[in-house]
Amino acid sequence: YLSPFDEATAHVIDGGYGVFRGEGNTLSPIDVNGYFDSWEDGKESDMRNHSGIGVLYEYVTTQLGFSGFDAGKTMALASFADQFPPEDHFPVPEDHQSSIWLEYRPLVNWIRDNLPKFDASIEEKGAEALLVPFWVNLARQAQELLEKDVLFLTEKAIEKVGSRNLAYSGGVALSCITNRKIFDAGLADNIFVQPSSSDEGIPLGCALMGYYEEGGQNRTVMENSYLGRSGDPSTIPSVIEENGFEYRETTPTEVAKLIAEGNIIGRI
């Protein structure tokens with residue numbers, strides 16, 4: 001509904017899974033596996049709910065000591081993998097991609113029963129203690145599995161719908177590294193990621209679905225999820241000075257250099 005496309009493969013990946021054909025203001029279910037109803041090959045199905053790759057990735061995130069909403073930190077931790085020899089820590093069934101209906105609940109249970117959970121409060125170095133081979137490799141393995149599954153599922157979805165315009169959402173869609181790999185793999189000509197792609201976007205989707213099913217016609221492209229008031233640039237210096245902060249003007253080049261050196265900056 002919020003993409004710039006007149007027709008598209010609408011794809012949702014998280015704990016559940018969905019593929020829809022998008023045409024104008026209508027969405028037709030092709031494959032759906034969720035909590036309330038399921039579809040397979042365009043027909044209603046009584047298939048039970050599966051726990052997809054989003055469930056596994058979120059669980060690994062909590063094993064690393066983060067909140068379930070901090071999946072971006074798992075993605076960041078995985079980026080340190082080039083500093084350590086690769087070593088896998090959980091078993092992935094060789095045939096796990098034999099179907100689009102991925103089921104990760106047994107693997108989540110295995111990780112719960114067999115792998116330790118990081119606790120920054122008992123580590124002398126706090127969260128920095130994550131930067132060791134075990135935890136980095138745990139994040140790396142989850143990230144690699146996520147990327148492999150997303151490419152597999154996206155290819156199957158586009159094959160079924162037939163449109164190379166990809167409108168993509170679900171918590172997994174917030175993995176920017178994975179999204180780049182979809183594009184690099186040549187699976188889609190155009191990609192739109194709904195900015196509020198995780199569970200917070202569900203009420204938005206429900207409202208839009210109701211609007212269009214009741215005959216609404218207006219379409220708008222959602223470019224970001226920042227819906228509050230924008231600040232007045234002229235008030236920024238006075239606000240900073242009132243709070244006793246020092247500041248100076250800078251450039252994107254200087255900011256990039258400071259970040260590359262490991263600094264934390266506040267920029268307005």
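Laboratory data are not the source of any read-out in this text; all were calculated from the coordinates shown. Just so you know, these numbers come straight off a predicted model, no measurement behind them. In this analysis, Cβ positions are derived from the backbone assuming ideal geometry, glycine residues included, and neighbour counts consider all displayed protein chains.
Observations on the model:
- Both numbers refer to the Cα atoms of the chain; Rg and Dmax are 21.3, 63 Å.
- Lysine pairs in the chain with Cα atoms under 18 Å, if 8 or more residues apart or on separate chains: 8
- Amide H contacts under 5 Å for F84, placed H, 5+ residues apart: none
- Nonlocal amide H pairs with E40, under 5 Å, H built at 1.01 Å: V32, S45
- Cα centroid separation - region 162-200 against region 87-115, whole Å: 24
- With the simple spin-label model, which puts each label point 7 Å out from Cα in the Cβ direction, the C176 to I122 separation comes to 3.5 nm.
- Near A127, once Lys and Arg are set to +1 and Asp and Glu to -1 for all other residues with Cβ below 13 Å from its Cβ, the sum equals -3.
- Förster radius 25 Å - calculated FRET efficiency between C206 and W101, Cβ distance, rounded to 0.05: 0.55
- Net charge, Y212 excluded, C-beta distance under 13 Å - Lys, Arg +1, Asp, Glu -1: -2
- Counted by neighbouring Cβ atoms within 10 Å, the residues T250, T62, T74, T178 run from fewest to most as T250, T62, T178, T74.
- Couplings 3J(HN,Hα) for region 235-250, derived from phi with the Karplus relation 6.51 cos²θ - 1.76 cosθ + 1.60 (θ = phi - 60°), are 8, 4, x, 5, 5, 5, 5, 4, 9, x, 8, 8, 8, 7, 6, 9 Hz, where x marks Gly and Pro.
- Spin-label model, D37 to T250: label points 7 Å out along the Cα-to-beta-carbon direction sit 5.1 nm apart.
- Sorted by Cβ density within 10 Å, fewest first, the residues H50, H11, H96: H96, H50, H11
- Efficiency of FRET between E241 and M47 - r from beta-carbon atoms, R0 41 angstrom, step 0.05: 0.10
- Subtracting the Cα-Cα distance of A129 and N109 from 0.36 nm times their residue separation leaves 4.7 nm of extension gain.
- Positive minus negative residues near T74 (Lys, Arg vs Asp, Glu; Cβ under 11 Å): 0
- Ranked list, fewest to most other Cβ atoms within 10 Å of each Cβ, for K257, K148: K257, K148
- Amide H contacts of A167: T9, A10, H11, F192, each under 5 Å away and 5 or more positions distant or on a separate chain (H built 1.01 Å from N in the peptide plane; Pro and chain starts excluded).
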